[in-house]
Amino acid sequence: MTATTVPTSGFSSSSTVRAPRWRAFAGAAAAVLALGLVPCAAFAAEPPKGGAANLAMVGEPQGLDPMISTADLVGTIMQHVYEPLYTFDANWNIAPMLAEGMPVVSKDGLTYTIALRKGVKFHNGRELTADDVVASLQRWMELSPRGKSVGKEVASLTAKGPQALEIKLNAPYAPLLAQLALPSGMAAIMAKESIAPQLKDFIGTGPYKFKERRPDQFTVLVRYDGYSPRKEAPSGYAGRREALLDELRFVPVPNANTRVEGALSGQFQYADLLPVESAGRIEKGAPAVVPIVTKNFGFPYIVFNTKEGVLASQPLRRAVQTAVGQGELMAAGFGDNRFFVVEPNFFPKGTPYYSAAGSNAYNTRNPQSAKEAAAKAGYNGQPIRIMASRQYEFHYNMALVMSEQLKKAGFKTDLQVVDWATLVQRRNDAKLWDVYFTHSGLFPEPMLSPPQLGDGAPGWWETPAKKSTLAAFNQETDVAKRGALWGQVQQTVYDEVPFIEVGKFNSLSARSAKLDGYTPAIWPFFWNTGLAK
């Protein structure tokens with residue numbers, strides 16, 4: 001079968017002088033899963049304009065505010081409407097988007113001066129200015145979990161005339177540009193007149209503009225004819241963006257098998273995150289359907305409520321960690337071992353952030369030791385409330401297995417299966433849960449994910465050890481030195497158990513062969529993409 005595969009590579013954080021580039025996953029650029037897959041040839045001709053694409057997503061977004069939500073689904077949709085100052089190219093290098101170029105950084109690393117592109121228009125026809133950027137970033141630092149973390153590092157944020165801004169930091173902060181570039185919990189630039197605690201008007205600068213949302217039916221974006229693209233060649237999320245399709249229709253399809261059937265029948269031009277066991281059926285749908293395998297797509301992880309409830313106790317979280325066998329969870333979630341890896345290191349070998357720190361606490365699956373540790377920590381039979389959603393079938397399958405693992409260790413469990421939008425809403429209330437399942441993309445910059453490494457994300461992990469290890473890591477700008485410091489952060493995560501990384505996985509999606517120009521990505525995007533006639 002013919003497939004599209006997307007490799008994962010490293011990026012460099014740049015100022016006036018580029019830092020050395022590094023490749024995040026050795027050999028991944030050429031690697032393809034052992035499914036007989038081969039990369040498809042690049043399209044020689046530009047896709048045609050016109051038409052509408054039906055895009056099957058895993059569920060209904062709980063909202064469309066790209067700052068407040070860290071849900072990938074929200075970022076996937078709204079990255080077409082809003083744009084950031086910086087973004088990532090195909091090799092995860094940071095590249096300018098609304099910024100004219102890379103920032104000018106002072107010798108002490110504390111002051112970033114950023115010039116803006118001229119002539120960029122919002123969807124209401126008004127030209128972008130530095131005041132819009134300052135107002136947007138202030139909102140991001142007030143409301144976004146990711147932005148709040150950055151906000152603590154920022155001493156001042158000011159406009160320097162209509163087309164430039166200045167960011168002054170309290171101390172050097174290596175992840176700044178990467179934080180400004182991520183689509184999830186996005187530092188989206190909005191028209192300042194649309195900014196409010198609760199957005200009512202979605203006015204951005206992107207190639208598509210918001211038209212309509214009907215909950216549980218669709219979210220529709222339409223081409224913005226006044227869009228001002230960059231001149232560089234497209235590369236990942238960077239470079240020239242062009243809205244070739246008239247409409248993008250993001251359709252919530254919570255049932256994974258329905259997404260598979262819709263892709264095979266031609267109902268959907270794209271179907272996101274399909275069960276790996278459907279790979280054979282997708283293969284049989286060729287040549288009308290093209291499978292998309294994203295290698296090193298991400299990692300599932302299990303978040304603990306450190307603020308309230310039974311697992312606010314660190315010794316009890318350690319006991320739960322001892323009971324868990326990540327190997328069993330990954331096998332339950334993905335079945336086919338070509339789609340997953342069980343390993344304790346957060347980053348693969350060959351990357352600057354590879355570390356074996358804390359590995360003795362990984363995949364222990366020791367119910368007797370867990371039971372003894374729980375008794376010593378004062379556990380008295382309170383149920384552990386585990387939230388998971390079947391919209392991500394691998395979350396649900398893992399939750400089933402974890403529940404049984406905990407029962408073998410003497411814990412009582414309460415497995416709560418909800419739709420993804422409900423889970424995202426409930427996880428903000430510390431009184432409603434003890435554990436929830438989620439996943440993240442695997443990025444070269446450690447501070448990009450999971451949000452629990454920042455401040456205020458569900459789980460509410462705040463300890464002196466976290467603060468000190470992350471401060472040392474973030475203030476070091478030399479990649480080689482940051483690698484050693486990351487090991488201390490990873491050890492702290494294993495010691496304090498704010499979350500458990502389960503393993504790493506490859507994802508399966510599918511597109512119609514008529515969807516020309518589609519570039520596989522962790523957050524799927526549909527600019528520069530058209531429908532063959």
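The values are calculated or read from the model by the stated rules, or taken from the named source; none is laboratory data. Since the model is a prediction, treat every value here as computed from it, not as a measurement. So basically every Cβ, Gly included, is an ideal-geometry build from the backbone, and we count neighbours across all protein chains shown.
Quick notes
- Odd one out for Leu245 among (1) crowded, with 22+ Cβ neighbours inside 10 Å; (2) out of contact with any helix residue (DSSP H, G or I) (no Cβ under 9 Å at 6 or more places or on another chain); (3) closer than 30 Å to Ala135 by Cβ: (3)
- Any hit, segment 441-461, residues being at pLDDT 95 or above and more than 22 Å from the chain's Cα centre (by Cα): no
- Pick from segment 96-113, criterion of a type in the set (Gly, Ala, Ser) and crowded, with 16+ Cβ neighbours inside 10 Å, ranking: farthest from the chain's Cα centre (by Cα): Gly109
- A single entry from Arg126, Arg139 fulfils the requirement of being over 27 Å from the mean Cα position of the chain (by Cα), of a type in the set (Lys, Arg) and more than 28 Å from Pro520 (Cα to Cα): Arg126.
- Helices (runs of 4 or more DSSP H) fully within segment 258-335 counting 1 or more residues that are of a type in the set (Asp, Glu): 279-284, 326-334
- The listed residue being within 30 Å of Pro215 (Cβ to Cβ), touching a residue at least 24 places away in the same chain (Cβ under 8 Å) and out of contact with any Asp or Glu (no Cβ under 7 Å at 6 or more places or on another chain), out of Gly350, Gly381, Gly333, Gly410: Gly333
- Selection of segment 190-237 for residues being closer than 14 Å to Leu248 by Cβ, touching a Phe, Trp or Tyr at 6+ places or on another chain (Cβ under 7 Å) and among the hydroxyl-bearing types (Ser, Thr, Tyr) yields Tyr208, Thr219, Tyr224.
- Any chance Ala19 is at pLDDT below 95 and farther than 22 Å from Tyr173 by Cβ: no
- Scanning segment 366-388 for residues that are surrounded by 17 or more Cβ atoms within 10 Å (Cβ to Cβ) and either touching a strand residue (DSSP E or B) at 6+ places or on another chain (Cβ under 7 Å) or at pLDDT below 95 (or both) yields Ile384, Arg385, Ile386, Met387, Ala388.
- Subset tally (residues that are within 22 Å of Asp65 (Cβ to Cβ) and touching a strand residue (DSSP E or B) at 6+ places or on another chain (Cβ under 8 Å)) for segment 141-154: 2
- Flag for Ala323 being more than 21 Å from Asn506 (Cα to Cα) and without any contact (Cβ under 8 Å) to a residue 24 or more places away in the chain: no
- Pairs with Cβ under 8 Å, 6+ apart, first in segment 253-267 and in contact (Cβ under 8 Å) with a residue 24 or more places away in the chain, second among the hydrophobic types (A, V, I, L, M, F, W, C) and assigned to a helix (DSSP H, G or I): Pro254/Trp420; Val260/Ile282; Ala263/Ile282; Leu264/Ile282
- Within segment 390-441, considering residues that are of a type in the set (Phe, Trp, Tyr) and either buried (at least 21 other Cβ atoms within 10 Å of the Cβ) or touching a helix residue (DSSP H, G or I) at 6+ places or on another chain (Cβ under 7 Å) (or both), the one farthest from Phe88 (Cα to Cα): Phe411
- Restricting attention to segment 38-66, the residues that are in contact with a Lys or Arg (Cβ under 9 Å, 6 or more places away or on another chain), surrounded by 19 or more Cβ atoms within 10 Å (Cβ to Cβ) and modelled with pLDDT under 95 total 2.
- Filter result (out of contact with any strand residue (DSSP E or B) (no Cβ under 9 Å at 6 or more places or on another chain) and not in a helix (DSSP H, G or I)) within segment 392-413: Ala409, Gly410
- When the residues of segment 126-150 are filtered to those that are at pLDDT 95 or above and among the small types (Gly, Ala, Ser), the one that is nearest to Leu448 (Cα to Cα) is Ser136.
- Counting residues in segment 158-167 that are modelled with pLDDT of 95 or more and surrounded by 23 or more Cβ atoms within 10 Å (Cβ to Cβ) gives one or more.
- Options Ala178, Ala196, Ala174, Ala188: the member that is touching a helix residue (DSSP H, G or I) at 6+ places or on another chain (Cβ under 7 Å) and modelled with pLDDT of 95 or more: Ala188
- Tallying residues that are within 17 Å of Val58 (Cα to Cα) and of a type in the set (Ser, Thr, Tyr) within segment 513-533 yields 0.
- Consider segment 106-127 and keep the residues that are of a type in the set (D, E, K, R), free of Cβ contacts under 8 Å to residues at least 60 places away in the same chain and part of a loop (DSSP other than H, G, I, E, B). The one that is nearest to Leu177 (Cα to Cα) is Lys107.
- Among the strands (runs of 3 or more DSSP E) confined to segment 149-225, the ones with at least 3 residues that are touching a residue at least 60 places away in the same chain (Cβ under 8 Å) are located at 208-214.
- Of residues in segment 155-202 being β-branched (Val, Ile, Thr) and under 26 Å from Leu64 (Cβ atoms), the one nearest to the chain's Cα centre (by Cα): Ile189
- Tally, over segment 336-373, of residues that are of a type in the set (Ser, Thr, Tyr), farther than 22 Å from Pro450 by Cα and not in a loop (DSSP other than H, G, I, E, B): 1
- In segment 90-105, of all residues being in a loop (DSSP other than H, G, I, E, B) and in contact with a Ser or Thr (Cβ under 8 Å, 6 or more places away or on another chain), the one that is nearest to Gly236 (Cα to Cα) corresponds to Ala90.
- Complete set of residues in segment 506-518 that are in contact with a Pro (Cβ under 7 Å, 6 or more places away or on another chain) and either surrounded by 23 or more Cβ atoms within 10 Å (Cβ to Cβ) or not hydrophobic (A, V, I, L, M, F, W, C) (or both): Leu508, Ala510, Asp516, Gly517
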